[in-house]
Amino acid sequence: MKLPLDIERLYAEGVPFAIFRFPGESTIRVSGNDIFDFTINEWNTPWCERIAVDKTTPGTPAVQPWQTSTLHDVYLATTQWLIGQLKSRGGKCVRMRAICASGMQVDINAVVSQLFDLFPDAFCHCYYTPRTGMWIGATPEVLAEFADGTVRTMSLAGTRRHTPEAHSWDAKNVEEQAYVTDFIMSALRGAGLFPHAGATETLRYGAIEHICTRIEARMDGLEGASDILDALNPTPAVAGMPQQTAISEIEEVEDAPRRCYAGYLACSDGTTLRAYVNLRCAQLSDRGWCIYAGGGITSSSDPAAEWRETEAKSAPLLKILKENSLPI
């Protein structure tokens with residue numbers, strides 16, 4: 001796929017940029033050259049702290065990718081501790097791991113082009129600001145879309161490998177996804193809306209699939225959109241339940257900062273606003289990367305199975321990065 005910008009050159013020159021493509025569309029949009037503004041919310045930050053790419057000052061040193069991968073034994077041990085906590089308190093917590101590489105010569109343009117090609121039905125993006133560094137991703141998850149007098153969102157959780165045969169989801173994944181649905185419905189009701197949840201479906205993402213429930217409510221214009229985004233962010237799909245307890249446990253067990261992972265990206269043309277959770281993503285430089293992958297932990301989780309889930313989620317992006325990198 002031909003990119004509208006020479007990303008590698010802009011990154012080398014320290015010039016902030018964002019390119020993105022909406023799910024199911026072919027047009028790659030450029031922030032600043034397009035009617036859509038592009039803003040970034042880092043992990044667990046409110047709307048008022050968003051970063052507008054077009055208003056970012058170029059030239060300052062960029063934040064570099066995290067360089068220490070989560071060790072397998074450490075992940076298993078801390079996840080087992082987390083399961084013990086959940087057996088006592090109930091609920092859910094999302095555990096993230098980092099997959100890092102350094103000392104590599106990365107063909108950035110090729111990486112981004114292949115990512116956009118591989119996931120036509122995801123929200124694909126690549127952006128750079130000095131504060132965030134450069135990020136790439138192809139996320140399947142809508143945080144909220146505001147258009148045509150309606151706010152639309154989705155409850156997306158549970159993970160398994162895709163198979164041709166249709167079969168029922170196990171109790172652990174059903175429970176995990178139900179936490180997200182209940183949270184979103186409650187948040188929208190708290191904002192004075194009357195949400196409607198559609199039928200539960202299976203949503204495929206490459207070689208894996210998730211449980212998805214689409215939710216919508218009537219809402220005129222964009223007034224109050226920022227309050228709804230703050231009420232939804234972060235959802236149990238990326239944090240857990242109860243929210244603040246899960247966030248405290250995340251700070252306890254995770255060995256890398258989330259930065260932009262599990263935050264959200266918002267695009268607005270003044271009359272519509274689309275916000276996507278920043279998943280299936282990596283922070284990237286011309287010398288290495290850090291991929292972020294997580295999974296929902298409940299009292300019935302198995303640490304080894306959760307590790308395998310993060311392997312499956314990170315595999316497509318890791319493959320692209322390895323194919324377009326050489327040791328220095």
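Here the accessible area of the chain is 51 percent carbon and sulfur, with a 1.4 angstrom probe and all protein chains present.
Applying both filters, DSSP loop and at most 15 other Cβ atoms within 10 Å, to the trypsin sites (Lys or Arg not before Pro) of region 1-84 gives Lys2. Once you order the gyration tensor axes a ≥ b ≥ c over the Cα atoms, which shape class does region 162-213 get: rounded for a/c under 1.5, otherwise prolate or oblate by comparing a/b with b/c? Taking the square roots of the gyration eigenvalues as a ≥ b ≥ c, region 162-213 is prolate.
Taking GluC sites (Glu not before Pro) in DSSP loop conformation with at most 10 other Cβ atoms inside 10 Å as exposed sites, the chain has its longest uninterrupted site-free stretch at 1-164.
With every protein chain kept in place and ligands, DNA and RNA left out, what is the accessible area per residue of the chain? Probe 1.4 Å, answer in Å². Don't jump to the answer; show the numbers that get you there.
Details: 13720 Å² over 328 residues.
Per-residue accessible area for the chain comes out at 42 Å².
Of all lysines in the structure, the ones whose alpha carbon falls short of 23 Å from that of Lys322, not counting any fewer than 8 places away in one chain, are Lys2, Lys313. Take the alpha carbon gyration tensor of region 56-100, find the square roots of its eigenvalues, order them as a ≥ b ≥ c, and report rounded if a/c is under 1.5; if not, report prolate when a/b exceeds b/c, else oblate. Verdict is oblate for region 56-100. With the simple spin-label model, which puts each label point 7 Å out from Cα in the Cβ direction, the Ile328 to Glu49 separation comes to 3.1 nm.
With each label modelled as a point 7 angstrom along the Cα→C-beta vector, the Ala62-Ala315 pair spans 3.0 nm. If only the Cβ of Lys and Arg carry +1 and only the Cβ of Asp and Glu carry -1, the dipole of the chain around its Cα centre is close to 340 debye. Using Cα pairs under 8 angstrom and six or more residues apart, how large is the relative contact order of the chain, in percent? Normalised by residue count, the contact order of the chain is 30 percent. Once a ≥ b ≥ c are taken as the square roots of the eigenvalues of the Cα gyration tensor of region 23-116, is the result rounded (a/c under 1.5), prolate (a/b larger than b/c) or oblate (a/b not larger than b/c)? The shape class here is prolate. Our helix-only sum for the chain, with -39,500 (n - 2.57) per DSSP H run of n ≥ 4 divided by its residues, gives a mean residue ellipticity at 222 nm of -9500 deg cm²/dmol.
Stretch Ala147-His72 to full length: gain in nm at 0.36 nm per residue minus the Cα-Cα span? Display every interim value, and only then the final one.
Values: separation 75, 0.36 × 75 = 27.00 nm, distance 4.35 nm.
Full extension from Ala147 to His72 adds 22.7 nm.
Modelled this way, with points 7 Å down the Cα-to-C-beta line, the labels at Asn33 and Ser102 are 3.4 nm from one another. Between Glu201 and Met1, the C-beta separation translates, for a Förster distance of 30 Å, into a calculated FRET efficiency of about 0.60.
When Lys and Arg each count +1 and Asp and Glu each count -1, what net charge do the other residues less than 12 Å away from Asp269, Cβ to Cβ, add up to? Don't skip to the answer; put the middle values down first.
Working: positive: Arg29, Arg274; negative: Asp34, Asp37.
Its environment carries a net charge of 0.
The Cα center of region 24-87 and the Cα center of region 242-298 differ in position by 5 Å. Charge tally around Glu251: other residues with Cβ under 13 Å, Lys/Arg +1 each, Asp/Glu -1 each, net -2.
Net charge near Thr27, counting Lys/Arg +1 and Asp/Glu -1 over other residues with Cβ under 10 Å of its Cβ? Numbers along the way, then the final one.
Working: positive: Arg21, Arg29; negative: Glu25, Asp34.
Its environment carries a net charge of 0.
The values are calculated or read from the model by the stated rules, or taken from the named source; none is laboratory data. Please read all numbers here as calculations on a predicted model, not as lab measurements. We place every Cβ from the backbone using ideal geometry, glycine too, and count neighbours over all the protein chains shown. These accessible areas exclude ligands, DNA and RNA; they are computed on the full protein's heavy atoms, side chains included. Shrake-Rupley method; radii C 1.70, N 1.55, O 1.52, S 1.80 Å.
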